[in-house]
1. Any chance you could count how many residues in segment 68-104 are surrounded by fewer than 18 Cβ atoms within 10 Å (Cβ to Cβ) and among the aliphatic types (A, V, I, L, M)?
2. Mind checking which residues of segment 61-81 are of a type in the set (Gly, Ala, Ser) and either closer than 26 Å to Ile263 by Cβ or not in a strand (DSSP E or B) (or both)?
3. Looking only at segment 32-60, which residues are closer than 23 Å to Gln147 by Cβ and in a loop (DSSP other than H, G, I, E, B)?
4. Quick check on my filter: what residues within segment 181-216 are hydrophobic (A, V, I, L, M, F, W, C) and assigned to a loop (DSSP other than H, G, I, E, B)?
5. For segment 56-70, how many residues meet the condition of being of a type outside the set (Gly, Ala, Ser) and more than 13 Å from Val109 (Cα to Cα)?
6. Which numbered condition in (1) touching a Gly at 6+ places or on another chain (Cβ under 7 Å); (2) free of Cβ contacts under 8 Å to residues at least 40 places away in the same chain is the only one that Ala230 fails?
7. Any residue in segment 264-274 that is among the hydrophobic types (A, V, I, L, M, F, W, C), assigned to a strand (DSSP E or B), touching a Cys at 6+ places or on another chain (Cβ under 6 Å) and under 21 Å from Val210 (Cβ atoms)?
8. For segment 243-259, give me each residue that is buried (at least 20 other Cβ atoms within 10 Å of the Cβ) and either within 18 Å of Met124 (Cα to Cα) or out of contact with any strand residue (DSSP E or B) (no Cβ under 9 Å at 6 or more places or on another chain) (or both).
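What follows draws every value from the coordinates through simple rules; no lab data is involved. Note that the structure is predicted; figures quoted are calculated from it, not measured. Every residue, glycine among them, receives a Cβ derived from its backbone with ideal geometry; neighbour counts consider all protein chains shown.
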Amino acid sequence: MTQSKKLHPFDQAVRLTENSGIFTGETSHLYQNMVGPYGGMIAAIILNSVILHPKCLGDPLALTVNYAAPVKDGSFEIKPMPVRTNRSTQHWYITLSQENEIAAAATIVTAKRKITWSSQEKNMPAVKHFSEVSPVSTKNLPPWFNQYDTRPVKGSIPPLFEIKGEKPFKAAQSIQWIRDNPKRKIDFLSLTAFSDSPAPSIYVRRNKFVPAGTVSFSVYFHASREELDASAENFVLVDVKSSRISNNYCDQSGEIWSENNVILASTTQIIYFKE
């Protein structure tokens, strides 16, 4: 059996080959969305190019990906470039291209962390334990949903067609437990993908499907490697809400929590929708 067949599907999907500082990879049909891979997977792949880069300093601190065009099925090329290295932080500019055209551009900051005085200013939402919540049905949903065990607590993942009589939710908020399927150890890459797992806020607020896609997506990493190791293969809780839905665009922001009330990351994004 070859090494690639032993890899978890997620690790296979983010796998890259490096040559003179340029990375190449292939999209995975398992993480296919309605058009190309879903945005969280693209962001994880881009982050992986920095983590694997021989000049990388420290661990991920902040990531922003701007999606210029859908990523097509097939091969792609990633060029990560360190633009400034300081004593404790490093700043990167990254492009993902297909057929000599940029499909996504990103900035990433990595950092060397030191132990300091700390305070967590938010408490985890009071929700049912994941063992008390049923997994969502992936029927009629894009393939990438099958790669996760998703258990919605608030909001929902609406069908890919409108059902007559469905009523809009009172608030554009999604709270869900999620982990890889099959289970996989949590790391910075999976944390990035989890951050983009909730349905767009326009879906949740109106409880119907409309064409939509992320324009810009950010993740801020609060967890250390030790905290991620402690989370093992457990569920995380993703809690995001929207502040405004208007004129073809909506936002959503929130936190990703470990089972033991620790904020692992915070996230925000702006989404285009069409009617």
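1. Number satisfying all stated conditions: 5.
2. First pass over segment 61-81, keeping only residues of a type in the set (Gly, Ala, Ser): 62, 68-69, 74-75.
Result: Ala62, Ala68, Ala69, Gly74.
3. Asn33, Met34, Val35, Gly36, Tyr38
4. Ile186, Ala199, Phe209, Val210 - these are the residues of segment 181-216 that are hydrophobic (A, V, I, L, M, F, W, C) and assigned to a loop (DSSP other than H, G, I, E, B).
5. Number satisfying all stated conditions: 3.
6. Failing condition for Ala230: (1).
7. Yes.
8. Gln252, Gly254, Glu255, Ile256, Trp257, Ser258
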